[in-house]
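Below is one structure; the comments refer to it alone.
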Amino acid sequence: MFIHWGPVSIVGTEIGWSRGGERRGRSDPKTGNVPVEVYDNLYRMFNPVKFDPDAWVQLAKDAGMKYLVFTTKHHDGFCNFDSRLTDYKITSPRCPYGKDIVRMLSDACRRGGIDWGVYYSQPDWHHADYRNGAAAHARYIEYLHGQVKEVLGYGPTRMWFFDGLGGKAEDWDAERLLAMMRRMEPELVINNRAGLPADNDTPEQRIGKFQNTRPWETCATVGRQWAYKPDDDLRSIEECLRGLVCCAIGDGNLLFNVGPRPDGLIEASHAARLREMGAFLRKYGESIYGTRGGPFVAPDESVRAAGTHGFALPEGRWWGGSTHRGNAVYLHILRWPAEVIELPAIAERIVRHSLLSGRGKADVKQSAAGIAVRVAKADRDAVDTIVKLELEKKA
């Protein structure tokens, strides 16, 4: 679960980006539609009295999620934690809520058995020193390092999502920064957005292609906006599930975002969509959790209709993909370009097979030439027809 939240939810526009005023380090022809004097004072009205961190954690669990990543500070510079280095924060005397949201949510994650993760933006369009000349930016780097150290103090922290908007390592003194972070949290997973490769890649609002040589995680929204938007256009459950499955067969993870309302509640329609995904995982989670992508990779992964993006499925001969764990291979057939799915030959013998989703039985024939998989059209699942192959040896 990814959560983008802050005072901007009051006006229902995108976090950080809807702030008017200059964006040092950017060449945007125009900035946001919320005047800077309005945006920067929204926190004086931010009072999410219905925020229940345990309810958020329970929703993540209901959705089948195993970890949660929260926006401690976005590009707008507002801090959802009790930083000693700024008064532009949730615990400011000027903010009517006055409670440390990061403390409350990180504690709730540990109570609920969900791994705690942090989003932290290095860009900060509110801070006077950020990219405001060499001397000023040097002071900002120390501010940034100090805040990262503060937030790691809410640990244990399992993953860290930087968001540098393409900045270079020297913009954040990233080598020193990451070394400090690893001293504090040796097992911390850090993404690739601080100018260094670090531990994992981060395709955004699109599904990454098959890659099992380096970890990756797609970050995407359940609606169309990262922060709260009234009447947001939700992805269908079919699109959400296909995105989840495509991450798994590509050997990646999915970090799926919701934007809570200004009162602290998550929209009922958004919560319902996540619970629908959880229902799928309760049935078929064995084909997702703890698996790796492959060994079968469908052809034509890059063949897509013109203008498609995001969670749109490839076309051509592409049929889906597979995951594996132990002796089991799970075929996730998301589309049927032909009546028979033809797989290459493998040395290991298939000792049994079963149809996990859909109804009826799968027909699987193995020969020296390859593997042929058939499922009658009436027996296929509308979203993901899952065929389990059990091998005599490790998959």
*Could you tell me which numbered condition residue 72 fails, if it satisfies all but one of (1) among the hydroxyl-bearing types (Ser, Thr, Tyr); (2) in contact with a Cys (Cβ under 9 Å, 6 or more places away or on another chain); (3) assigned to a loop (DSSP other than H, G, I, E, B)?*
(3)
*Scan segment 105-135 residue by residue and report those that are surrounded by fewer than 19 Cβ atoms within 10 Å (Cβ to Cβ) and on the phi < 0 side of the Ramachandran plot.*
107, 110, 111, 112, 115, 128, 129, 132, 134, 135
*Yes or no: residue 225 assigned by TED's automatic domain parsing to the domain that holds residue 259, within 30 Å of residue 55 (Cα to Cα), at pLDDT 95 or above and assigned to a helix (DSSP H, G or I)?*
no
_Among the residues of segment 17-30, are any surrounded by fewer than 23 Cβ atoms within 10 Å (Cβ to Cβ) and in contact with a strand residue (DSSP E or B) (Cβ under 8 Å, 6 or more places away or on another chain)?_
yes
_Looking only at segment 273-311, count every residue that is at pLDDT below 95 and in contact with a helix residue (DSSP H, G or I) (Cβ under 9 Å, 6 or more places away or on another chain) and tell me the total._
2
*Can you name the residue in segment 157-177 that is under 23 Å from the mean Cα position of the chain (by Cα) and loosely packed, with under 14 Cβ neighbours inside 10 Å and is also modelled with the highest pLDDT among such residues?*
168
_The one condition in (1) touching a strand residue (DSSP E or B) at 6+ places or on another chain (Cβ under 9 Å); (2) assigned to a loop (DSSP other than H, G, I, E, B) that residue 331 fails to fulfil_ = (2)
_Residue identified as in a strand (DSSP E or B) and surrounded by fewer than 18 Cβ atoms within 10 Å (Cβ to Cβ) among 315, 348, 342, 286_ = 342
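Condition check ((1) surrounded by fewer than 22 Cβ atoms within 10 Å (Cβ to Cβ); (2) without any contact (Cβ under 8 Å) to a residue 12 or more places away in the chain; (3) hydroxyl-bearing (Ser, Thr, Tyr)) across all residues:
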position	(1), (2), (3)
224	yes, yes, no
228	no, no, yes
251	no, no, no
257	yes, no, no
_Can you go through 388, 393 and tell me which one is under 16 Å from residue 323 (Cβ atoms) and touching a residue at least 24 places away in the same chain (Cβ under 8 Å)?_
388
*Return only the number of the condition from (1) part of a loop (DSSP other than H, G, I, E, B); (2) within 23 Å of residue 265 (Cβ to Cβ) that residue 26 does not satisfy.*
(2)
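The values are calculated or read from the model by the stated rules, or taken from the named source; none is laboratory data. Only a predicted model underlies this, so the values are computations on that prediction, with no experimental measurement involved. In this analysis, Cβ positions are derived from the backbone assuming ideal geometry, glycine residues included, and neighbour counts consider all displayed protein chains.
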